[in-house]
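The structure appears below as structure tokens.
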Amino acid sequence: MTLKKSFAILGVFVIAISAHAAELAPIPKDASDRVVHMNLKDSKKYCKSIRKRIPTIKELALNLNPEGVYEKATRGIPLKPVYKRDGSIDFYYDSTTYSQSTGDNGGAWLWSSSGHPDSKYFGMAFNSYDGAINYGGKNSSYESSVRCIDKH
């Protein structure tokens, strides 16, 4: 059961979902309308400069692929567990439900504030080309950008 469907059935999820479903700011672009690539540190600075913050990986997934986010493993669906920094499972994810129609992200990897559970050198990112979630080196700006979100 997806989060989107579960809040209609169980009212307890409404608060959690509305807190994570804040609207993402547009991806930063240069004067030629090309996506501006940046590492995680510069992404944090950029979001701060527009009075926003970097979203968690769950917030990115809920905004860009809400049908792929599950609170628990579901039989018959190949779900990938997505871990919190402390090593516990945050949510389960299915990238096959992703569609690029959720904004013009230029196929960039989008940084999140979620970190790797075993390494301080890696951050978690959302691939806006195919909907994958994976880790990347925090100092890398290769095809990486950010979609900021409102502060809590």
Subtracting the Cα-Cα distance of Glu23 and Tyr129 from 0.36 nm times their residue separation yields 36.2 nm
Compute the length gained on full extension between Ser32 and Arg75: take 0.36 nm times their separation in residues and subtract their Cα-Cα distance, giving the result in nm to one decimal.
10.8 nm
Collect residues whose amide H, placed 1.01 Å from N in the peptide plane, falls under 5 Å from the amide H of Ser144; neighbours closer than 5 in sequence don't count.
Met38, Trp109
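Computed from the coordinates by the stated procedures, all read-outs in this text should not be read as laboratory data. Just so it is clear, the structure is predicted and the values come from calculations on it, not from any experiment.
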